[in-house]
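I have placed the structure first, in the form of structure tokens, so that the comments after it can refer back to it.
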Amino acid sequence: MTTTHLFAYPLPFPAKPLRYLCRSWWTCQSTARHTWRQRSDCLLATGHALSVVLRSIRELLDLQIRPAPEWKGIVPSWFGISCGIGRVTLWLPIAEDSGLHRDFSLLVLLPKEDLPDAPPFIHLGTQFLMEYCAQVFLDCSSGNPAASSGQLLIP
């Protein structure tokens with residue numbers, strides 16, 4: 001079992017919704033034969049069935065995207081934007097061993113264009129939680145949104 005910390009990310013809307021960010025790294029293409037890891041935090045998005053990688057983030061990071069042959073259905077749209085589907089490699093820090101990371105193959109929606117005003121993060125959807133039998137623990141007991149925290153526990 002590994003633990004990855006979640007960090008509160010309050011948004012400045014009138015309702016002040018609270019979201020959680022996860023420090024994360026991604027396998028990016030360096031050359032046709034070489035890859036490297038780049039940090040780009042993701043947003044825990046339990047309201048999304050699938051994880052979503054915005055077009056602008058894909059282009060900025062030059063993510064290594066692999067086919068998802070296990071996907072047999074119609075690829076859903078994301079808020080009306082047509083999408084492709086693929087797999088990317090996500091690296092999450094392991095709280096128990098500082099400096100170490102664990103890699104995961106992540107099924108993602110790949111919107112063909114960006115959604116205006118979408119938070120500039122990769123959205124980590126519930127399919128990831130289900131595929132890896134992850135548990136999410138959130139602590140909002142302080143009453144201060146900025147001080148809230150959480151954890152992802154993954155067997």
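The values are calculated or read from the model by the stated rules, or taken from the named source; none is laboratory data. Computed from a predicted model, the values in this text were never measured in an experiment. Glycine also receives a Cβ, built like all others from the backbone with ideal geometry; neighbour counts cover every protein chain displayed.
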Whichever residue in region 114-125 is assigned to a loop (DSSP other than H, G, I, E, B) and of a type in the set (A, V, I, L, M, F, W, C) and, among such residues, is modelled with the lowest pLDDT:
Ala118
Output the residue which, of all residues in region 51-84 that are part of a strand (DSSP E or B) and not hydroxyl-bearing (Ser, Thr, Tyr), is nearest to the chain's Cα centre (by Cα).
Val52
Which condition number in (1) touching a residue at least 40 places away in the same chain (Cβ under 8 Å); (2) surrounded by fewer than 16 Cβ atoms within 10 Å (Cβ to Cβ) is the one that Phe137 fails?
(1)
Check whether at least one residue in region 135-151 is modelled with pLDDT of 90 or more and in a loop (DSSP other than H, G, I, E, B), and report yes or no.
no
Here is a list: Phe104, Phe128. Which entry is outside any loop (DSSP other than H, G, I, E, B) and either within 18 Å of Tyr20 (Cα to Cα) or among the small types (Gly, Ala, Ser) (or both)?
Phe128
Of all residues in region 41-69, count the ones that are under 14 Å from Leu107 (Cβ atoms) and either without any contact (Cβ under 8 Å) to a residue 12 or more places away in the chain or of a type in the set (Val, Ile, Thr) (or both).
4
Within region 106-131, can you find the residues that are surrounded by fewer than 15 Cβ atoms within 10 Å (Cβ to Cβ) and free of Cβ contacts under 8 Å to residues at least 60 places away in the same chain?
Lys112, Glu113, Pro116, Asp117, Met130, Glu131
Any idea how many residues of region 29-56 are within 18 Å of His101 (Cβ to Cβ), among the hydrophobic types (A, V, I, L, M, F, W, C) and either modelled with pLDDT of 90 or more or crowded, with 21+ Cβ neighbours inside 10 Å (or both)?
2
